[in-house]
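To start, the structure under review is shown below, and the notes come after it.
The values are calculated or read from the model by the stated rules, or taken from the named source; none is laboratory data. Just so you know, these numbers come straight off a predicted model, no measurement behind them. When we count neighbours, we look across all protein chains shown, and the Cβ atoms used for this are built from the backbone with ideal geometry, even at glycine.
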Amino acid sequence: MKALEIKNLKKTFKSNFLLKQYHVLKDITLSVEKGEVYGFLGPNGAGKTTTIKCILGLIFPDAGEITLMGQPANTSESKKKLGFLPEQPYFYDYLTPVELLTFTGMLFGIPRQQLAKKTHELIRLVGLEGKENIKLRKFSKGMVQRIGLAQTLVHDPELLILDEPFSGLDPIGRKELRDIIFSLKEAGKTIFFSSHILQDMELMVDRVGIILAGQTRKEGKLSDLISLSVHDYEIAFTGLAEQVLTDNHLTFTPRDKDYIVRADTQQESNRIIGIINRGGGHILSVTPSKMTLEDIFLREIKE
Ligand SMILES: Nc1ncnc2c1ncn2[C@@H]1O[C@H](COP(=O)(O)OP(=O)(O)O)[C@@H](O)[C@H]1O
Ligand SMILES: [Mg+2]
């Protein structure tokens with residue numbers, strides 16, 4: 001089942017000046033399976049936040065369709081299934097984590113007794129044990145992010161939407177947020193998060209959607225996007241006369257006592273390995289160098 005489906009979403013903003021129109025979303029199409037971690041990737045200004053605002057019903061698209069768990073997104077029933085963490089969460093900072101979560105739970109009509117249990121579960125989940133009675137104004141960016149995440153979980157939503165949750169976090173904060181996202185996935189939640197921090201996505205998403213200038217450019221399983229994109233194979237070997245290489249028109253690079261030859265395809269790599277073996281050389285290693293998300297991203301931007 002699809003947790004979220006967006007089809008041909010379009011949104012134009014009009015400026016007051018000369019009523020010029022800005023086509024911010026030109027054609028966003030994507031789908032998120034239930035239970036997956038989905039990375040919504042795009043450079044700044046690509047339209048990620050605008051897309052998220054459309055999903056949440058904060059702004060209205062000009063065209064297109066959005067469904068949550070197979071139902072139209074714009075119903076109150078659908079909205080109950082959503083949890084949202086904005087890019088810069090802001091809370092009344094004289095509250096403590098316990099007070100914030102209790103207050104949020106009351107807004108959702110969760111009974112008091114149940115709420116106390118829930119509050120402590122969530123504080124444990126986001127790793128804020130021992131900090132439950134400290135005022136939020138004393139919290140670091142990472143801690144605010146975590147209490148924000150806990151707050152989005154109070155009503156037990158099925159789909160979590162996190163807008164740039166990694167921005168402004170240090171490496172430890174990123175690792176901790178990744179761990180929390182993994183435990184939420186294990187608990188059966190679907191997580192949709194936007195980012196331009198590719199390294200963080202590479203370690204954790206099931207699928208990505210790449211948008212550029214308001215358009216979906218690529219969508220797919222990360223493993224497919226990456227394994228389809230082996231750049232080349234690097235063959236390291238030793239013990240072969242250079243003459244054999246030149247006779248076979250192979251371009252090589254000396255490296256210490258070894259040599260390196262690059263092959264574009266697996267067949268070419270096998271052919272070269274054959275030449276080296278027949279010439280009495282020893283293969284030291286064959287390394288496929290895969291494209292990283294960063295490479296894919298840069299290639300998309302250039303096109
Ligand atoms: N309310 C608005 N009025 C006019 N332009 C807007 C409005 N909101 C966003 N934009 C423009 O839309 C583009 C996409 O913005 P946004 O969705 O915030 O991108 P992202 O989150 O991917 O960085 C930007 O060029 C931004 O300036
Ligand atoms: Mg944004």
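A few remarks follow.
- Qualifying residue in the stretch 69-89 (condition: under 25 Å from ARG217 (Cα atoms) and near ligand 1 (Cβ under 10 Å from one of its atoms)): yes
- The set of residues from the stretch 76-96 being touching a strand residue (DSSP E or B) at 6+ places or on another chain (Cβ under 9 Å) and more than 16 Å from ligand 2 (Cβ to nearest atom) comprises GLU77, SER78, LYS79, LYS81, LEU82, GLY83.
- Per the listing ASP200, ASP206, the residue uniquely charged (D, E, K, R) and within 16 Å of ligand 2 (Cβ to nearest atom) is ASP200.
- Sole residue being on the phi > 0 side of the Ramachandran plot and either over 9 Å from the mean Cα position of the chain (by Cα) or at pLDDT 95 or above (or both), chosen from ALA187, ALA213: ALA213
- Candidates ILE59, ILE55, filtered to the one that is at negative phi, buried (at least 18 other Cβ atoms within 10 Å of the Cβ) and within 15 Å of ligand 1 (Cβ to nearest atom): ILE55
- Within the stretch 1-24, if we keep just the residues that are within 30 Å of LEU160 (Cα to Cα) and hydroxyl-bearing (Ser, Thr, Tyr), the residue that is modelled with the highest pLDDT turns out to be THR12.
- Within the stretch 55-72, considering residues that are in a loop (DSSP other than H, G, I, E, B) and in contact with a helix residue (DSSP H, G or I) (Cβ under 6 Å, 6 or more places away or on another chain), the one farthest from MET1 (Cα to Cα): ILE59
- Only a single criterion out of (1) over 27 Å from the mean Cα position of the chain (by Cα); (2) in contact (Cβ under 8 Å) with a residue 12 or more places away in the chain; (3) within 30 Å of ASP170 (Cβ to Cβ) is not satisfied by ILE110, namely (3).
- Within the set GLY45, GLY39, the sole residue that is within 15 Å of ligand 2 (Cβ to nearest atom) and in a strand (DSSP E or B) turns out to be GLY39.
- Tallying residues that are within 22 Å of LEU177 (Cβ to Cβ), more than 7 Å from ligand 1 (Cβ to nearest atom) and among the hydroxyl-bearing types (Ser, Thr, Tyr) within the stretch 19-50 yields 1.
- The listed residues are ARG178, ARG217, ARG174, and the only one of them that is more than 24 Å from LEU82 (Cα to Cα) and in contact (Cβ under 8 Å) with a residue 12 or more places away in the chain turns out to be ARG217.
- Once the stretch 147-178 is narrowed to residues that are of a type in the set (Asp, Glu) and within 14 Å of the chain's Cα centre (by Cα), the residue that is surrounded by the most Cβ atoms within 10 Å (Cβ to Cβ) is ASP163.
- When ILE52 is tested against (1) away from ligand 2 (no atom under 16 Å from the Cβ); (2) in a helix (DSSP H, G or I), exactly one condition is not met: (1).
- Unmet requirement for HIS249, which otherwise passes all of (1) at positive phi; (2) at pLDDT below 90: (2)
- Checking LEU68 against (1) in contact (Cβ under 8 Å) with a residue 40 or more places away in the chain; (2) more than 16 Å from ligand 2 (Cβ to nearest atom); (3) more than 20 Å from the chain's Cα centre (by Cα), the condition it does not meet: (3)
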